[in-house]
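Q: Dumping the structure here so I can ask a few things about it.
The values are calculated or read from the model by the stated rules, or taken from the named source; none is laboratory data. Everything numeric in this text was worked out from a predicted model, so none of it was measured. Because the Cβ atoms are built from the backbone with ideal geometry, glycine has one as well, and the counts that use them run over all protein chains shown.
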Amino acid sequence: MFMHILKYELKNGLRTKDLIIWLILFPIILGTCFKIAFGSIYEKTEKFSSIPVAIVEESENAAFRQVIEGIEKSDEPFLKASFTDKEKAEKMLDDGKVEGIIFTSDNISLTVKEKGIRETMLKSFIEQYKVREKIAMDAINTAPEKAQEVIASLTSETASSCRDIPLTQGNPDMYIQYFYNLIAMVAMFGCITGMHITMQNQANLSPLGARNNCSPVQKSISILACLTGSFILETICMVICVSYLAFVLKVDFGDRLWLVYPSAILGGITGVSFGFFVGSLTHIGEKAKSALLVSISMLLCFCSGLMVGNMKAIIAARIPWFNNINPAAVIADCFYCLNIYEDYDRFITKLITMAVISVMFIVLGFVTSRRKKYASI
């Protein structure tokens, strides 16, 4: 009987419009909008790129040229140099094609048009080079036979000091959190399928519930079969959502995508369990109950940062414990931990939290649903 109920639960779920709209179409549309809105912001505003600079050689400086050539040979060079004359360099600076002009003479100098982070980085580079050059010249004057060795050392030290040292091996794009929260939203919208379980197993909520309560099947078996069907449907929706983001929209989830899927699936189970529990508490109609659950889910997603990126940080500063019990925040944090942290400690903690929340909702939902008694049906 369990498999019979499960089969029809799956068929019924696939015919439910709410499932198609909220769990498949809506996240695809919203994810596409997110990609259009945030897809290139990080590359254009946050991600470091080589600083274009013009170099005017007023006098020959072989050591400095070697340093520049060494920097440009790296995979992600700090500078993108153009050797030119003074007149052309000034025009390039005025047109915004370069961030500054480096004049090489007895005393290397820098000319910039504006003050900013990139200009400050150029100034720091020149100052660092001057210090190293002075040390090198002192060494050459002391031991002229080691001049080439000193210049090579100066080149390698200056070039290596300008390399990019990433803080994490994951995707540092801060806007990816919106996609994390999108997956969390899909998971929380699984509450709609969880709500339908109570609608069809309580006689006072729907005609189908009345018929099910008249059947000889144990209520626990019926509810368990319906829960299993909802979990399967939600799993399909979560796999579609993650696959669309990762392979169609090319969202970078880091190098552990294979762990994103089980995290999303467990998040979907949490959402279904949440809907099952809340649905068993109230006696209002199906539409009103759907509206209530969607509103609660959206509020939890808002607190997790779906609409305002730093909302989770604001809440953490004022109500530190709330993010640890907000299912949407816990689900989104799973993906964040996978992307940013090298170890699995925080990730496993979030998974355990989701599992505990899910079990708690399921147990409470079972207890509440099974205690329903009817004088007549």
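Q: From the set of residues in the stretch 298-311 that are without any contact (Cβ under 8 Å) to a residue 60 or more places away in the chain and surrounded by 15 or more Cβ atoms within 10 Å (Cβ to Cβ), which is farthest from L182 (Cα to Cα)?
A: M311
Q: Please verify whether the stretch 288-297 includes one or more residues that are under 13 Å from N181 (Cβ atoms), surrounded by fewer than 20 Cβ atoms within 10 Å (Cβ to Cβ), in contact (Cβ under 8 Å) with a residue 12 or more places away in the chain and among the small types (G, A, S).
A: So far as the stretch 288-297 goes, no, none of its residues is under 13 Å from N181 (Cβ atoms), surrounded by fewer than 20 Cβ atoms within 10 Å (Cβ to Cβ), in contact (Cβ under 8 Å) with a residue 12 or more places away in the chain and among the small types (G, A, S).
Q: Separate question: Suppose we filter the stretch 327-340 for residues that are of a type outside the set (A, V, I, L, M, F, W, C) and surrounded by fewer than 23 Cβ atoms within 10 Å (Cβ to Cβ); how many remain?
A: Qualifying residue count for the region: 1.
Q: Report, by residue number, each residue of the stretch 333-354 that is in contact with a Ser or Thr (Cβ under 9 Å, 6 or more places away or on another chain) and assigned to a helix (DSSP H, G or I).
A: D333, C334, F335, C337, L338, N339, I340, F347, K350, L351, M354
Q: Being modelled with pLDDT of 85 or more, surrounded by 15 or more Cβ atoms within 10 Å (Cβ to Cβ) and part of a helix (DSSP H, G or I), is that true of even one residue in the stretch 156-176?
A: yes
Q: While we're looking at this one, here's another question. Which is over 22 Å from T198 (Cα atoms), exposed (fewer than 14 other Cβ atoms within 10 Å of the Cβ) and at pLDDT below 85, of D343, D255?
A: So the residue among D343, D255 that is over 22 Å from T198 (Cα atoms), exposed (fewer than 14 other Cβ atoms within 10 Å of the Cβ) and at pLDDT below 85 is D255.
Q: List the residue pairs whose Cβ atoms are under 8 Å apart, where the first residue sits in the stretch 334-354 and is farther than 13 Å from G254 by Cα and touching a residue at least 40 places away in the same chain (Cβ under 8 Å), the second is acidic (D, E) and surrounded by fewer than 19 Cβ atoms within 10 Å (Cβ to Cβ), and the two are 6 or more positions apart or on different chains.
A: Qualifying pairs under 8 Å: none.
Q: Considering only the stretch 82-130, state which residues are closer than 17 Å to S59 by Cα and within 38 Å of the chain's Cα centre (by Cα).
A: Answer for the stretch 82-130, where residues must be closer than 17 Å to S59 by Cα and within 38 Å of the chain's Cα centre (by Cα): S82, I126.
Q: For the stretch 295-326, give me the residue count where each residue is in a helix (DSSP H, G or I) and either aromatic (F, W, Y) or not assigned by TED's automatic domain parsing to the domain that holds G271 (or both). Walk me through how you get there before you give the answer.
A: Within the stretch 295-326, the first condition is being in a helix (DSSP H, G or I), and the residues that meet it are 295-304, 311-318, 322-325.
Then drop every residue that is not either aromatic (F, W, Y) or not assigned by TED's automatic domain parsing to the domain that holds G271 (or both), which leaves 302, 322.
Adding up the residues that qualify gives 2.
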